[in-house]
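Have a look at the structure below before the remarks.
Nothing in this text is a laboratory measurement; each read-out follows from the coordinates by a stated rule. Quick caveat: nothing in here was measured; it's all calculated off a predicted structure. Using ideal geometry, Cβ is built from the backbone for each residue, glycine included, and neighbour counts are taken over all protein chains shown.
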Amino acid sequence: MENYKNRVVVGIDGGGTHTRVMVADTEGRILSYIERGASSIHKDLQARENVCQALEQALHESEKNVSDVATLYAGIAGFDTKADLNWVEPLTDLPGLICVKQHVNDAVVAHSGALLSEPGVIVISGTGSIIFAVTEDGKQIRNYDLHQYAASAARFLAYDAIYELLAGNVQENDQLLVQSMLQFWGVSSVEELSQLALKGFITDQRERNRKFAELAPTITESALQRSTLAQTVCNRALHQIMVGVEILASYFSEPEVKVALIGSVVNSEYFQQQLASRMKEGNNKRYRIVSPAFSPVAGAVLMALKQLGIIITPQLLENLVLHPQSRHK
């Protein structure tokens, strides 16, 4: 292993809502942490500016220069095929930053942080949705690889709930949710909402998806309060998550599979309760839900260190855990 004294590594968790950049020394001590806007061009046309500005500020606050960076590891939301490298690689194209760079899907760094790259499944459901597994023999499998998608991201819950309302699939116990949805869209009746829907709600797709996503917490909370409409929507998403988990788990050899939950939707109280119950009755495996060990951006730091051939020791993990943003919230 080369001598990387006084050098640093950079870890990036590039999500659909936030870019998180962490600079650490080679012993796992965090020197700086910065948050900016989205990293995915599917969510924000300013994605490159968001990432580059976050990188510049993180290096400035760590009192390091681009020449001090030994390696960079970036998990980017929306990086699903090799063709995506056309927009992914420029995200970290900071002048003078000529270190080794590795770009992967953000689920990879999330798994690294949550399960320390040990065998298991992570379910990500927040701004986006993906189910990602690393098997006992180190094989990485996404539900996307099988063309399965669990439509459980925040915006999908909201779209689904609005469509159910417009279709008239409401009960007496849905009235509080209905009023909340009408108020959310600034209309006074379902008829007005239907006219708004006919106009496409909001013309710009990115803005429309962002707006819909803001409604998701209302839906998961209403499901907890026994709204039939909310539970129908949430249970549909939960079923798709379980299908994805069961499919990926079938590629494991051990009878028990660890599962970590990441993201605002899947960590809502209703989803947590339901998944805990459903995973007790798994078809293919026994499932053990575990709390993520570290945040995705800390997972990116760990992968950057491994890329240098640095052994992840208990002391290094202890150094990493001292920083509040390295721990999963």
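Please sort 20-32, 93-105, 112-124, 291-303 by packing, taking for each peptide the average over its residues of neighbouring beta carbons within 10 angstrom, highest first.
Working: 20-32: 22.1, 93-105: 15.5, 112-124: 24.2, 291-303: 26.0.
Those peptides, ordered most packed to least, come out 291-303, 112-124, 20-32, 93-105.
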Out of the GluC sites (Glu not before Pro) in segment 43-119, which ones are loop residues according to DSSP with at most 16 other C-beta atoms within 10 Å? E63
Measure nothing fancy, just the Cα-based angle from helix 106-115's long axis to the longest principal axis of the chain, in degrees from 0 to 90, nearest 10. 80 degrees
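Report the local net charge at R236: Lys and Arg +1, Asp and Glu -1, summed over other residues whose C-beta lies under 10 Å from its C-beta.
On the way: positive: none; negative: D160, E164.
Neighbour charge sum, excluding R236 itself: -2.
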Point-to-point label distance, E89-I312, nm (Cα→Cβ direction, 7 Å offset): 2.7 nm
Span from the segment 1-64 Cα centroid across to the segment 229-246 one, whole angstrom: 34 Å
Once amide H atoms are built 1.01 Å from N in the peptide plane, which residues 5 or more positions from G282, or in another chain, come under 5 Å H to H? Y287
Aspartates and glutamates near K101 by alpha-carbon distance under 13 Å, same-chain residues fewer than 8 away left out - which ones? E89, D93
Any idea what % of Cα-Cα pairs in the chain are farther than 27 Å? 48 percent
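Quick one: if you take sqrt(5λ) for each eigenvalue of the C-alpha gyration tensor of segment 53-155, what semi-axes come out, biggest first, whole angstrom? Can you show the working numbers first?
Details: eigenvalues 159, 50, 36 Å².
Each semi-axis is the square root of five times an eigenvalue, giving 28, 16, 13 Å.
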Can you tell me the orientation of helix 269-278 relative to the chain, as the angle in degrees between its alpha-carbon axis and the longest Cα principal axis, to the nearest 10? 90 degrees
Hey, if you put +1 on the Cβ of every Lys and Arg and -1 on every Asp and Glu Cβ in segment 118-292, which of A161, V178, I124 ends up farthest toward the positive end of that dipole? I124
Let me check I have the definition right: for segment 118-292, take the eigenvalues of the Cα gyration tensor, multiply each by 5, take square roots. What are those semi-axes in whole Å, largest first? 33, 17, 12
I need the peptides 184-195, 264-275, 158-169 ranked by packing, meaning the mean over residues of other C-beta atoms within 10 angstrom, with the highest value on top. 264-275, 158-169, 184-195
With the cut-off at 31 Å, tell me which of the pairs K139/K280; K43/K139; K211/K280 have Cα atoms farther apart than that. K211/K280
How large is the convex hull of the C-alpha atoms of segment 284-328 per residue, in Å³? 109 Å³
So what are the ³J(HN,Hα) numbers for segment 202-217, from phi and the Karplus equation (6.51, -1.76, 1.60; θ = phi - 60°), rounded to whole Hz, Gly and Pro as x? 9, 4, 6, 4, 4, 5, 5, 4, 4, 5, 4, 4, 5, 7, 4, x
How would you rank 170-178, 131-139, highest first, on the average number of other Cβ atoms within 10 Å across their residues? 131-139, 170-178
So for segment 30-76, averaging the separation of alpha carbon pairs under 8 Å that are six or more residues apart and normalising by length, what relative contact order in percent results? 36 percent
